[in-house]
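S.K.: After the structure tokens below, expect a handful of questions from me.
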Amino acid sequence: MTILSRPDAPDSQPPPRGRMDRGTEQAAWRSLRGAGGRFGFLAFVGPAVVASVAYVDPGNFATNIQGGATYGYSLLWVVVLANLVAMLFQGLSARLGIVSGANLAELCRAHYPPRLVWAMWAVSEIAAMATDLAEFVGASIGLSLLLGTPLVVSMLITAVITYGILLLDRHGFRPLEIVISAMVGVIALSYLAEVIIAKLDWGEVVRGTLVPGLADGGALTLAVGIIGATVMPHAIYLHSSLTQGRIRLRDTADRDRLVRMSDREVLIALAAAGLVNMAMLSMAAAVFHATNHADVADIATAYRTLQPLLGPAAAGFFMVALLASGLSSSVVGTLAGQVIMQGFIGFRVPLWLRRAVTMLPAFVVVAAGIDPTRALVLSQVVLSLVLPVPMIALVHLSARATVMGSWRLRGAGLGLSIFATALVLGLNLILLAQMAGLELPFLG
């Protein structure tokens, strides 16, 4: 058995982080050897579920509510497209961590020039702050609506709760993963109930899913925002960290099996997140757009409008989902910020300080009197603009034999990854042109 010390050596594995309890580790080994029984795979469930939180965070609530209320079901195809891209890149990120034994930020530091690494870190830190803005403000809005407290007070309560959840990491990664997975389940069940109550127009759901189209420039901005809220830079960085050194792999066969298990988990977890996103937008289309409430453009108004339209149960499910989303994604955002900082510059800060730094933009937004939901949507656009940085790095490193060995990205997989990256870049260029006031005749 070979243990790796260099992140660019593809045929070895680093020591595990030592945070998996012995019983879980034994179950994981048995599962890898095909003797884990029907539920042996559960020992490996966690990284993709945690990463999937980024795809059902309050930023998704904001963009999907605006998209559905304003344009009905017509932007569902954007949600599907974004989710397919997310599956591809989260799968690549998970594989990178398993095979190389290093996370994406660490590999960037090892393989790129120092000046480029510093620039990538700076851009990625902006993404981490934009991410936490959406997550932290979203959870605070939920608490404010539930408790009737001022938003600033709700933000302080949110900070205390999320910090408490983060402390679970001291007892190993499994307790934290279990709590976050439970919150993801709450979000999914809440929106299943919402879909049942809202009575969707399933014909329009199918049409919006299969027929692409952008009605105008506003639809483009929301489309890019939806992509920014779905394919998240911090989730790409984090996923590779969650899978690196998770368990001591004994040989190449173990690594092959773990990669296959990871691919299945990504497919299932991200498919579930995609369905939740489709449910968010479809609910807004069925409830707000179809009843001439297209002006519902923020989370608070959506909550208050739901109650008279669909009753207190629908509003309650919406609130529960928003709180679970905000709290879980705020935790994940802080973890990702630590991974980005430590990976790029080799510097780790205390948890409380990292939490304080990532919360600062949210407090600035509220203190400045900026509409919170508008800030959420704009934060997703910022994320979409930053997104090509980790995407390009992930594709480049995944295609290098010195990093991935025989697991390197090639052939159709490489071509599809390049196409997806180019698509995101193209959408970003169109958005920048639109923001600059340039005429885009193909938008109508």
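S.K.: Go through the residues of the stretch 161-172 one by one and say whether even a single one is outside any loop (DSSP other than H, G, I, E, B) and among the small types (G, A, S).
M.R.: Yes - at least one qualifying residue is present in the stretch 161-172.
For (1) in a helix (DSSP H, G or I); (2) within 17 Å of the chain's Cα centre (by Cα); (3) of a type outside the set (A, V, I, L, M), each residue gets a yes or a no:
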{"position": "F61", "(1), (2), (3)": "yes, yes, yes"}
{"position": "A128", "(1), (2), (3)": "yes, yes, no"}
{"position": "L133", "(1), (2), (3)": "yes, yes, no"}
{"position": "S154", "(1), (2), (3)": "yes, no, yes"}
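S.K.: Here's another thing I want to ask about it. Here is a check on your reading of the model: is V152 among the hydrophobic types (A, V, I, L, M, F, W, C), in contact with a helix residue (DSSP H, G or I) (Cβ under 7 Å, 6 or more places away or on another chain), more than 16 Å from I236 (Cα to Cα) and modelled with pLDDT of 85 or more?
M.R.: Judged against the criteria, V152 is not a match.
S.K.: So, one more: If you check L88, L75, which single one turns out to be aliphatic (A, V, I, L, M), buried (at least 24 other Cβ atoms within 10 Å of the Cβ) and touching a Gly at 6+ places or on another chain (Cβ under 9 Å)?
M.R.: Exactly one residue qualifies, and that residue is L75.
S.K.: So Q342 ticks every box in (1) surrounded by fewer than 19 Cβ atoms within 10 Å (Cβ to Cβ); (2) under 26 Å from V186 (Cβ atoms); (3) modelled with pLDDT of 80 or more but one. Which box is left unticked?
M.R.: Condition not satisfied by Q342: (2).
S.K.: Let me ask something else about it. Report, by residue number, each residue of the stretch 399-415 that is small (G, A, S) and either surrounded by 12 or more Cβ atoms within 10 Å (Cβ to Cβ) or farther than 15 Å from H111 by Cβ (or both).
M.R.: Listed by number, the residues that qualify are A399, G405, S406, G411, A412, G413, G415.
S.K.: Does A182 fit the bill of being in a helix (DSSP H, G or I) and touching a residue at least 40 places away in the same chain (Cβ under 8 Å)?
M.R.: Answer is no for this residue.
S.K.: Taking the stretch 212-259 as the search range and keeping residues that are at pLDDT 80 or above and hydroxyl-bearing (S, T, Y), which one is surrounded by the most Cβ atoms within 10 Å (Cβ to Cβ)?
M.R.: S240
S.K.: Also, I was wondering about something else. Any residue in the stretch 110-135 that's over 16 Å from I226 (Cα atoms): show its pairings with residues that are of a type in the set (K, R) and modelled with pLDDT of 90 or more at Cβ separation under 6 Å, as long as the two are six or more apart or on different chains.
M.R.: From the stretch 110-135, the pairs are V117/R109.
S.K.: Consider L353 against the criteria (1) at pLDDT 70 or above; (2) crowded, with 21+ Cβ neighbours inside 10 Å: it satisfies all of them except one. Which criterion is unmet?
M.R.: (2)
The values are calculated or read from the model by the stated rules, or taken from the named source; none is laboratory data. Remember, predicted model here, so these are calculated numbers, not experimental data. We place every Cβ from the backbone using ideal geometry, glycine too, and count neighbours over all the protein chains shown.
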